[in-house]
Amino acid sequence: MHNQTFFAKDFGPDFKWGVGMAAPQNEGAAFEDGKGLSIWDVFARKRNVIKGGARPTHAADFYHRYKDDILLAKALGFKVFRFSIAWSRVLPEGTGKVNKLGIAFYHNVIDECLANGLEPVVTVYHWDLPHALELQGGWTSREMVTWFSKYVKLLTEQYGKKVQQWIVMNEPFAFTALGYMMGMHAPGKMGTANVYPAIYNAALCTAEGGRIIREHCPHAVIGTSFSISETKPFTSSDKDIAAANRADALLNRLFIEPVLGMGFPQLDQFDFLDKLHIATTAWRFIDKLKFDFDFIGLQNYFSVTIKHNPLIPYVSASEVSAKKRGKPHTAIGWEIDPLSFYCMLKRFSSYEGVKQIIVTEGGACFKDHLHNGVVNDQERIDYFSAYLAAMLQAKKEGVPIGGYYAWTLTDNFEWAYGYTTRFGLVHTDFETQLRTVKNSGYWFRDFLNGKAV
Ligand code: NOJ
């Protein structure tokens, strides 16, 4: 699959090549110009939750360096710039009083993109709930849909004339499971009493956000982004196959199926889902979870191999790591598996109601070394060439893929991994904030300028 030479033009003239980032990972300026606290600002103060005790306070300082970073994105040849809005920067208390300086900042970012020939793509929610709302229950609260709707309306009023493409929600499975079930991400809550309402409210806000943008910006292109990972059974035993199916229902089906009008997924003998159905049916608005998105954003980083494991609560399943199985993996152990990316693109395109797919993230972290002004990250180049080849194959076979947004422009704050994990095409020195384009960044530039891969 990956041996043939290909060009960016093979993806077609309208294919959108972009690069993405997110407010809490890049902006820094966590306490500047009237921004309120986000759940990540507060979570990071706890002990032993983030590697190295890192905090997102300064991150990659995008708040002060956005002009330079946008120029970098342009210099690397990208035509789309995806970023998220920090809810607590525009509405410090989550609702109510608007922070003019926060509003102005995103106008500046959007204007700078447009002036440099980059299409701004706005992610409405990339995991940084205002702490003020978390104090009132956050994603577990029935008020979420009201708070979220007001926030989305404000964004459309402010930016709707300039922004053509919107992504409502980023990876709802990740922020609900890690933040409200496992306690590994902000706000650090655990258990089904938290995660069931969080799942329901995230699904409801996804659809409601789509409806509000459509109402206020009828010409906008509206999508929402899901994390996806092929789940492969470790052996062909019935138990491992059933375990892989349970993992699949959670990792891949949980949020897309309600959006497509199918409700939350069903699976025989999976108590966790049965109880989710019972809990959410009581909330009665299941039909409101549907929205006809213009595109579905897919984000795939790895596949997982799953075995039956009765010791693990709820799913009775656990991963057999790539390292253990002697398979290629990134610096944090994520399996490099371009074939599974191809398979997942095919699978998601076969859902009725998926009109277009945009790969709204893709990338890898490796142990990069800056040496004499050079980062020779050949592994990342290999990763991108293999994944892009897999995507091209899927596209040639008819999967309606409209774009690919590389993750990410500069090294940034990688959630619970802090600053130990580098995903950027551009190296960040977190002491000086000096940027150095990695060899993978130059590779992307050459590819987008017409060079064969
Ligand atoms: C997906 C998330 O959306 C993004 O914030 C994160 O940095 C990447 N995965 C890599 O983990």
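The values are calculated or read from the model by the stated rules, or taken from the named source; none is laboratory data. Model, not experiment: these values are computed from the prediction. Virtual Cβ from ideal backbone geometry, glycine too; neighbours counted across all protein chains shown.
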All but one of (1) more than 26 Å from HIS126 (Cα to Cα); (2) hydrophobic (A, V, I, L, M, F, W, C); (3) part of a strand (DSSP E or B) hold for LEU267, so report the exception by its number.
-> (3)
Out of segment 254-301, which residues are in contact (Cβ under 8 Å) with a residue 60 or more places away in the chain, exposed (fewer than 15 other Cβ atoms within 10 Å of the Cβ) and over 22 Å from SER316 (Cβ atoms)?
-> TRP283, PHE285, ASP292
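Based on this model, can you work out whether ALA59 counts as at positive phi and within 16 Å of the ligand (Cβ to nearest atom)?
Details: at positive phi: yes; within 16 Å of the ligand (Cβ to nearest atom): yes.
So ALA59 fits the description; yes.
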Can we say LYS9 is surrounded by 15 or more Cβ atoms within 10 Å (Cβ to Cβ) and of a type in the set (Lys, Arg)?
-> no
Any idea how many residues of segment 229-253 are more than 22 Å from ASP274 (Cα to Cα) and either within 23 Å of the chain's Cα centre (by Cα) or free of Cβ contacts under 8 Å to residues at least 60 places away in the same chain (or both)?
-> 4
Residues in segment 42-57: is at least one buried (at least 20 other Cβ atoms within 10 Å of the Cβ), out of contact with any helix residue (DSSP H, G or I) (no Cβ under 6 Å at 6 or more places or on another chain) and assigned to a strand (DSSP E or B)?
-> no
Among strands (runs of 3 or more DSSP E) lying entirely in segment 352-453, which contain 3 or more residues that are more than 14 Å from the ligand (Cβ to nearest atom), touching a residue at least 24 places away in the same chain (Cβ under 8 Å) and buried (at least 17 other Cβ atoms within 10 Å of the Cβ)?
-> 401-407, 435-437
Mind counting the residues in segment 179-201 that are in contact (Cβ under 8 Å) with a residue 12 or more places away in the chain, within 16 Å of the ligand (Cβ to nearest atom) and surrounded by fewer than 24 Cβ atoms within 10 Å (Cβ to Cβ)?
-> 2
Checking PHE31, PHE81 in turn, the sole residue that is at pLDDT 95 or above, in a strand (DSSP E or B) and not hydroxyl-bearing (Ser, Thr, Tyr) turns out to be PHE81
